[in-house]
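Readers should treat all values here as calculations from the given coordinates under stated rules, not as data from a laboratory. Only a predicted model underlies this, so the values are computations on that prediction, with no experimental measurement involved. Neighbour counts run over all protein chains shown; Cβ positions are idealised from the backbone, glycine included.
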Amino acid sequence: MTTDTTGTAARDGEARPGGPADSPFVRACRREPVPHTPVWFMRQAGRSLPEYREIRANVGMLDSCRRPDLVAEITLQPVRRHGVDAAILFSDIVVPVAAAGVDLDIVAGTGPVVAEPVRTAEDVERIRPIGRDDVSYVDEAVRLLVAELGATPLIGFAGAPFTLASYLVEGGPSRTHAKTKALMYGQPELWHALCARLAEVTLSFLRVQIDAGVSAVQLFDSWAGALSEADYRRYVLPHSATVLSGLADAGVPRIHFGVGTAELLGAMGEAGADVVGVDWRTPLDVATRRIGPDRAVQGNLDPTVLLAPWSVVETEVRRIVEQGRAAPGHVFNLGHGVLPETDPEVLTRVVALVHEVSAHRAEQG
Ligand code: CP3
């Protein structure tokens with residue numbers, strides 16, 4: 001079967017009533033009426049769950065991402081436990097970059113660490129384009145999961161060029177992104193060559209996931225908030241747009257996410273998103289005015305609120321569901337990932353509360 005045929009089959013299947021394309025999550029992404037506000041959590045699969053810590057006890061992060069049986073099991077854990085409206089593929093933004101030949105590791109407690117940071121045009125050239133065979137474990141894991149999940153949609157994802165470039169140029173996590181910005185301002189041609197190559201790798205990685213049957217994709221530009229709007233538009237938006245517009249005909253919603261992006265929300269929508277991720281710094285009604293009526297929003301509970309007493313969590317969840325009603329579509333989420341110290345029972349209660357509060361409001365409305 002060719003890649004194309006498989007992709008078409010997956011999309012046809014999704015169109016069925018009661019299938020994942022008809023789920024509250026995908027409907028909200030498309031700004032269609034929903035029975036309740038759908039909810040999932042970034043990093044819902046991870047260290048907050050004892051069953052995750054157990055399965056990962058003796059397996060490295062990158063190794064676990066390359067084992068379809070482990071990927072499927074870890075992806076399903078939060079779906080079983082919390083009853084979230086979507087699963088997100090267990091993987092990492094640096095998985096396709098490693099597949100493209102970059103020597104890197106994911107160090108527990110630190111994040112991605114790159115052996116030889118990118119400095120020159122030759123370094124960029126060494127980042128190879130990838131195809132399905134380079135990430136066959138992802139293709140296989142998605143197929144296993146789509147069969148297992150039934151009506152629950154699976155979200156595929158990738159890192160956006162800026163956030164990936166930051167890890168590659170810094171060699172690891174950075175607070176200031178100083179080396180990244182120095183390269184961007186000082187060697188714009190090299191910068192654009194690097195981002196163009198990363199956009200190509202990212203687009204291929206997302207196409208593999210879509211062809212294998214994911215119901216939506218999220219492009220993580222976690223660190224884009226480090227830039228002014230003018231610099232974002234000049235140095236980053238064209239590359240993220242290559243990825244998002246390259247998926248325009250794929251038939252699945254595209255979510256575009258970043259942190260600290262209050263000033264970038266409009267531009268991140270214009271890059272070609274169906275849904276824009278919003279962190280806790282911007283209320284959803286304000287965010288929606290910046291993004292406009294043609295896109296849904298996703299967010300935006302502060303992950304640290306989950307560490308507070310339940311009465312505080314409840315007040316914040318109700319506020320966000322209410323403010324989300326100003327948007328043409330709302331997917332409830334955190335403003336960034338679940339913190340490892342979060343009590344998983346609080347997450348389960350949040351899912352139930354979002355469903356209850358939003359269903360009640362829908363009946364009244
Ligand atoms: O549940 C999910 O959200 C799916 C899995 C997922 C992971 N990484 C698993 C992971 C997703 C969507 C990512 C994306 C990712 N990875 C991003 C974008 C999202 C964001 O948080 O902004 C970024 C910036 C990375 C890079 C990265 N990988 C970081 C910063 C870390 C954390 C380092 C640490 O140990 O604190 C990782 C490792 C990582 N990726 C873990 C998980 C579950 C932790 C590894 C472990 O369990 O030891």
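Side notes on the structure shown:
- Take the Cα of ARG67, step 7 Å toward its Cβ, do the same at THR304, and the gap between the two points is 3.6 nm.
- Summing charges over neighbours of GLY258, with a neighbour being any other residue whose Cβ is under 9 Å away from its Cβ, gives -2 when K and R count +1 and D and E count -1.
- Loop trypsin sites (Lys or Arg not before Pro), the stretch 125-157, which have at most 15 other Cβ atoms in a 10 Å radius of their Cβ (DSSP): ARG126
- With eigenvalues of the C-alpha gyration tensor scaled by 5 and rooted, the stretch 204-266, Å: 24, 12, 9
- The simple Förster model, with R0 at 30 Å and r as the Cβ-Cβ distance, assigns ARG233 and ALA326 a FRET efficiency of 0.70.
- Candidates VAL124, VAL286, VAL138, ranked by Gaussian network fluctuation over the chain, Cα under 10 Å, top entry: VAL286
- MET268, MET61, MET184 arranged by Cβ crowding within 10 Å, fewest neighbours leading: MET61, MET184, MET268
- By the beta-carbon count within 10 Å of each Cβ, the least crowded to most crowded order of SER358, SER215, fewest first, is SER358, SER215.
- Bridges between two residues of the chain, per DSSP, are antiparallel at a rate of about 15%.
- Taking amide hydrogens as placed 1.01 Å from N in the peptide plane, the amide H of LEU334 sits under 5 Å from those of MET42, LEU301, each at least 5 positions away in sequence or on another chain.
- Counted by neighbouring Cβ atoms within 10 Å, the residues TRP191, TRP280 run from fewest to most as TRP280, TRP191.
- The H on the amide N of ILE88, modeled in the peptide plane, is under 5 Å from the matching H of ILE155, each at least 5 residues off or on a different chain.
- Dipole magnitude for the stretch 275-365: computed about the Cα centre from +1 point charges on Lys and Arg Cβ and -1 point charges on Asp and Glu Cβ, it is near 400 debye.
- Every helix of 4 or more DSSP H residues in the chain counts as -39500 (n - 2.57), and over all residues that averages to -14000 deg cm²/dmol at 222 nm.
- Over all directions, the projected convex hull of the C-alpha atoms in the stretch 206-365 averages 10.1 nm² in area.
- Zone residues, the stretch 288-322, relative to ARG30, backbone N less than 17 Å from point 7 Å out along Cα-to-Cβ: 294-297
- In nm, spacing of pseudo-spin labels at ASP285 and GLU54 (7 Å Cα→C-beta vector): 4.5
- Of the trypsin sites (Lys or Arg not before Pro) found in the stretch 145-210, those in coil by DSSP whose Cβ has at most 11 other Cβ atoms within 10 Å are ARG175.
- Rg/Rh for the chain, where both radii come from Cα atoms and Rh is the Kirkwood radius: 0.94
- Evaluated over the Cα positions of the stretch 13-104, the convex hull gives a direction-averaged projected area, one quarter of its surface, of 7.6 nm².
- Normalised radius of gyration (Cα atoms, divided by 2.2 N^0.38 Å) for the stretch 37-90: 1.09.
- Summing Cβ point charges (Lys, Arg +1; Asp, Glu -1) relative to the Cα centre of the chain gives a dipole of roughly 560 debye.
- The stretch 120-267 - Rg over Rh from alpha carbon coordinates, Kirkwood radius: 0.99
- Range of Cα positions in the stretch 90-146 per principal axis (Å), largest first: 40, 30, 11
- Projecting label points 7 angstrom from Cα along Cα→Cβ for LYS179 and THR315 puts them 4.4 nm apart.
- Estimated translational D of the stretch 32-164 in µm²/s (Stokes, Kirkwood radius over Cα pairs; 37 °C; 0.692 mPa s): 202
- Kyte-Doolittle mean at least -1.0, axial Cα span of 24 Å or more - DSSP H helices of the chain: 188-212, 344-364
- With all pairs of separate Cα atoms included, the stretch 294-346 yields a Kirkwood hydrodynamic radius of 11.7 Å.
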